[in-house]
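Inspection log for the structure reproduced underneath, given as structure tokens.
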């Protein structure tokens, strides 16, 4: 059988050729070929168990194909997984920086302000768990989410704020990111209380960010 041939990344938002996924002897997705032009809406319908969710997971890099090939907006889902995930997250309104390794991620964190880190558990040179440990040692308040193709939480993943399986799918991934960012926005930061009316008070000034990102100040006196 010859290798699938894909078109150049100019005309189609989604391309699949012979896309197949097996779980042991069970074939969940069998030789799907489909091209969806850019700018079109497409309904993806089927009975329960027909393979719709499995196909979407392959298209969003959360599940590797057993055979065949697929591209999302011109990016190969197997050869360019970071570019595909960047597209998925940007479609939800996030600005995304990508890193091909844990060391590159640490370098980016030293140069840019980020609100959340999403990392594969298995990466070249540095596991996601070790990346989370190093991040928390330097920036303990920065949320870290680890994703993996396995369902079991690794013993060394305790430094991450959340561990999720890729089998949960792209919708759950985006929901978890949104929930984690909302919790980070609403965290309470304590600081010194300024003088009021020429008289220093003892206590603390508590700041809380509302869902719109506005900083609200509350004074707590003792």
Rounded to one decimal in nm, the spacing of the 7 Å Cα→Cβ label points at residue 33 and residue 130 is 4.4
Would you compute, for the Cα atoms of segment 102-185, the largest minus smallest coordinate along each principal axis and list the three values in descending order, in whole Å? 32, 31, 19
Kindly identify segment 1-159 as rounded, prolate or oblate by the Cα gyration tensor criterion: order the square roots of the eigenvalues as a ≥ b ≥ c, call it rounded if a/c is under 1.5, otherwise compare a/b with b/c, prolate if a/b is larger, else oblate. prolate
Under a plain spin-label model, where a point goes 7 Å from the Cα along Cα-to-Cβ, how far apart in nm are residue 83 and residue 41? 2.9
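What order do you get for 168-176, 114-122 when each peptide is scored by the mean count of other beta carbon atoms within 10 Å, highest first? Provide the component values of the computation, followed by the final result.
Numbers: 168-176: 16.3, 114-122: 18.6.
Highest mean packing first, the order is 114-122, 168-176.
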How large are Rg and Dmax for segment 43-133 when calculated on the C-alpha trace, in angstrom? 15.3, 48
Hull volume in cubic angstrom per residue (convex hull over the Cα atoms of segment 85-148): 82
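What percent does the relative contact order of segment 12-80 come to when contacts are Cα pairs within less than 8 Å and at least six residues apart?
40
State whether segment 12-80 is rounded, prolate or oblate according to the following rule on the C-alpha gyration tensor (a ≥ b ≥ c being the square roots of its eigenvalues): a/c under 1.5 gives rounded; otherwise a/b larger than b/c gives prolate, and the remaining case gives oblate.
Judged from the Cα gyration tensor, segment 12-80 comes out oblate (a/c at least 1.5, b/c at or above a/b).
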At a Förster distance of 35 Å, what's the computed FRET efficiency of residue 25 paired with residue 185, Cβ-Cβ distance as r, to 0.05? 0.15
Roughly what would the spin-label model give for residue 90 and residue 48, points 7 Å off Cα along C-beta, in nm? 3.8
Answer check: segment 138-187, Cα atoms, Kirkwood Rh, Rg/Rh ratio of 0.98
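No value in this document is a laboratory result; all are computed from the given coordinates. No experiment lies behind these values; they were computed from the predicted model shown. Counting neighbours? That spans all protein chains shown, and the Cβs are built from the backbone with ideal geometry, glycine included.
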